[in-house]
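As structure tokens, the structure follows; a few thoughts come after it.
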Amino acid sequence: MSSTKIVLAFDVYGTLFDTSSVINTVRKFVQDDQTANSVVSSWRTFQLEYTWRLVNSMGLYESFDEVTRKALINAFGAQGIKLENPQIEELMASYTDLT
């Protein structure tokens, strides 16, 4: 009898979960839809870039939550918006309820 195991792995963020669904929460902290869309796009881009750089280039590991938090802060910072901790927590919470 064979004991072959099949493993199926894939990235759920962007595949099963729509990372852009954080847009409604982001809109609470920006002036217009263009800025909101830019923040959402940058947030995801930074998240992916940080993950790749940490693991592939630097051989380091940070939790997905920490990478997501840093990406969020930098995405808003790129728009000249500094977030306070309660705002960061609200935005991070939106990432746990993606469509």
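Each value in this text was obtained by applying a stated rule to the coordinates, not by laboratory testing. As the structure is a prediction and not an experimental result, all values here were calculated from the model. Note that each Cβ is placed from the backbone with ideal geometry, even for glycine, and that neighbours are counted across all protein chains shown.
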Sparsely packed trypsin sites (Lys or Arg not before Pro) within the stretch 64-99, loop by DSSP, other Cβ within 10 Å at most 11: Lys82
Neighbour-count order for Ser42, Ser21, Ser2, fewest beta carbons within 10 angstrom listed first: Ser2, Ser21, Ser42
For the chain, with +1 on Lys and Arg beta carbons and -1 on Asp and Glu, the positive-most of Asn74, Ser2, Thr35 along the dipole: Ser2
Neighbour count of at most 15 Cβ within 10 Å plus DSSP loop: longest chymotrypsin sites (Phe, Trp or Tyr not before Pro)-free window in the chain: 11-60
Rel. contact order, % - alpha carbon contacts under 8 angstrom, at least six apart, the chain: 34
Which of Leu54, Leu91, Leu60 has the fewest Cβ neighbours within 10 Å, and the rest in rising order: Leu60, Leu54, Leu91
The chain - Kirkwood radius from inverse mean 1/r over Cα pairs (Å): 14.7
Under 18 Å from Lys70, Cα to Cα: lysines that are on another chain or at least 8 residues apart: Lys82
